[in-house]
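Participant: Here's a structure for you.
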Amino acid sequence: MTEINRRRTFAIISHPDAGKTTLTEKLLLFGGAIHVAGAVKSNKIKKTATSDWMEIEKQRGISVATSVMGFNYGDYKINILDTPGHQDFAEDTYRTLTAVDSVIIVVDVAKGVEQQTRKLMEVCRMRNTPVIIFVNKLDREGKDPFDILDELEAELKISVRPLSWPINMGARFKGVYNIYEQGLDLFTPDKQKVTERVEIKDINDPAVDAAVGKADADKLREDLDLINGVYPDFNVLDYLDGQVAPVFFGSALNTFGVKELLDCFVRIAPSPRATQAEERVVEPGEEAFSGFVFKIHANMDPNHRSCIAFVKVCSGVFHRNANYKHIRLDKMMKFSSPTAFMAQRKDVVDEAYPGDIIGLPDNGTFKIGDTLTEGENLHFKGLPSFSPEMFKYIENTDPMKTKQLNKGIEQLMDEGVAQLFINQFNGRKIIGTVGQLQFEVIQYRLLHEYGAQCRWEPIHMYKACWIESDDDEALEAFKKRKHQFMAVDRDGRDVFLADSGYVLQMAQTDFPKIRFHFTSEF
């Protein structure tokens with residue numbers, strides 16, 4: 001129980017460019033996990049961000065895959081999952097949210113709440129995940145802090161309570177008053193060092209005037225009176241129930257306001273919580289080990305071409321070389337080299353506790369959503385799958401590399417970023433994704449990780465629907481009539497490729513005995 005109580009597992013989410021990866025870097029800096037913080041985009045700082053280790057992420061300055069980083073901070077063991085903000089990779093982020101106990105949302109002070117942030121907040125609300133908000137980029141001009149608070153409440157549909165308060169912003173930014181610990185932090189722009197702090201017992205102390213000037217000190221006192229009048233006192237239980245979101249202000253790039261966020265976070269954030277399985281609720285303190293796979297990543301080490309399955313430990317203790325049951329395959333398995341992560345760097349671990357995330361080498365034995373236990377049949381639920389919205393034919397441009405291309409496609413499809421269909425009429429391979437950017441990432445990774453070249457060809461298609469029926473004759477009749485539009489997925493299930501909404505509607509009307517599904521889970 002001691003190990004469970006010191007664990008904090010959380011994800012950092014936001015709209016692209018609000019500063020998640022930069023914030024992750026600075027948290028790692030405080031945890032002593034890295035010594036110099038990397039930059040997402042910068043010509044002067046040569047070190048790239050630790051969590052953006054894939055080649056394509058370094059080039060574009062965006063995160064493409066969720067990365068996992070674990071480190072110790074004081075008495076706590078912290079596991080951070082840095083997620084992609086870009087909408088085309090939202091799928092990866094939704095899955096990640098099933099594996100964490102709390103969330104930090106990053107909001108850009110100038111842009112306020114953006115579309116992707118709203119969507120992710122809905123997922124948190126469905127699961128009652130506790131949320132802390134970090135308002136970033138105060139070293140630039142932005143909206144008034146009170147306006148930001150109103151916008152957060154209106155857009156994210158959650159009550160907020162500021163636990164720190166900025167003194168001016170942009171060029172006049174002087175620092176942040178920490179309401180939670182009652183101290184004043186003075187701002188000096190520096191990307192690598194941490195700022196100085198003035199200890200205050202009382203906000204009316206003349207030391208405040210000396211530090212920030214009389215006018216700003218008076219405004220700060222007015223603001224704090226207003227905050228205490230408008231917002232109720234902070235109650236940790238309301239935060240844990242997902243009813244109230246504490247708000248912090250700072251500048252991640254300048255390492256400012258980050259330590260206050262981290263100190264408050266480790267104190268109030270929940271330790272690993274119970275997980276809902278289809279059979280029962282699994283408590284973290286149970287003796288027996290259980291866990292589930294929420295992500296698969298191909299090629300973390302390009303020399304070995306291996307896939308790694310990310311497993312979230314839900315209960316008990318995971319031991320290296322112990323026998324565990326793979327529920328879907330119904331067989332016992334042993335793992336000799338489970339690893340803990342620091343983005344791309346991995347260390348072999350002997351044991352892992354609830355809340356930890358471990359990597360198991362995967363030769364095609366795992367799928368997203370698989371459960372491992374000591375023998376009990378459990379199924380963890382709620383890992384979303386998706387229906388692709390964009391489709392293209394994938395063609396091999398180098399016939400000598402057919403084997404590499406097929407291997408690459410298979411491993412990348414295992415990650416769940418895209419889906420593969422094989423057209424029954426002409427035998428061509430079709431890739432379906434949720435966003436345009438996915439095609440570029442797949443093409444890039446096939447070339448650089450597998451040495452296989454491919455090109456995309458357009459296909460006119462509206463939706464892919466999985467079909468099934470209790471009446472075999474009706475199913476055969478449908479497949480005969482639509483044989484040009486039939487495909488199979490990787491599991492050999494029938495898929496109907498509708499080329500317009502009208503065609504799909506007619507098919508549903510003409511064949512009442514057939515059920516159409518829009519995701520592959522049914």
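Participant: Label segment 482-522 by shape, choosing from rounded, prolate and oblate, from the square roots a ≥ b ≥ c of the eigenvalues of the Cα gyration tensor; if a/c is under 1.5 it is rounded, and otherwise prolate applies when a/b is larger than b/c, oblate when it is not.
Facilitator: prolate
Participant: Measuring with a 1.4 Å probe in the full set of protein chains, what accessible area per residue, in whole Å², belongs to segment 389-488?
Facilitator: In whole numbers, segment 389-488 has 50 Å² accessible per residue.
Participant: Taking θ = phi - 60°, what integer Hz values does the Karplus form 6.51 cos²θ - 1.76 cosθ + 1.60 yield along segment 165-178, in sequence order, with x for Gly and Pro?
Facilitator: Listing the rounded values in order: 9, x, 9, 6, 7, x, 5, 8, 5, 10, x, 9, 8, 8 Hz.
Participant: Of the heavy-atom accessible surface of segment 356-446 (probe 1.4 angstrom), what whole percent is carbon and sulfur?
Facilitator: 51 percent
Participant: Could you give each residue of segment 108-114 its phi-based ³J(HN,Hα) in whole Hz, using Karplus coefficients 6.51, -1.76, 1.60 with θ = phi - 60°, and x for Gly or Pro?
Facilitator: 7, 4, 7, 8, x, 7, 10
Participant: Can you tally the net charge around H326? Count Lys and Arg as +1, Asp and Glu as -1, for every other residue whose Cβ sits under 14 Å from the Cβ of H326.
Facilitator: Local net charge: 0.
Participant: How much accessible area per residue does segment 111-168 have, counting only protein heavy atoms and a probe of 1.4 Å, in square angstrom?
Facilitator: I get 40 Å² per residue for this part.
Participant: Longer than 18 Å from Cα to Cα, which of K325/K367; K295/K367; K214/K259 are they? Say none if no pair is.
Facilitator: Exceeds cut-off: K214/K259.
Participant: Another question about this same structure. Given H placed 1.01 Å from N in the peptide plane, which residues other than close sequence neighbours of G291 have an amide H under 5 Å from its amide H?
Facilitator: The answer is C314, L372.
The values are calculated or read from the model by the stated rules, or taken from the named source; none is laboratory data. Here the structure is a predicted model, which is why all the values come from computation and not from measurement. Don't worry about glycine lacking a Cβ; one is built from the backbone with ideal geometry, like all the others, and counts go over all protein chains shown. Ligands, DNA and RNA are excluded from the accessible area calculation, which covers all protein heavy atoms including side chains. Shrake-Rupley method; radii C 1.70, N 1.55, O 1.52, S 1.80 Å.
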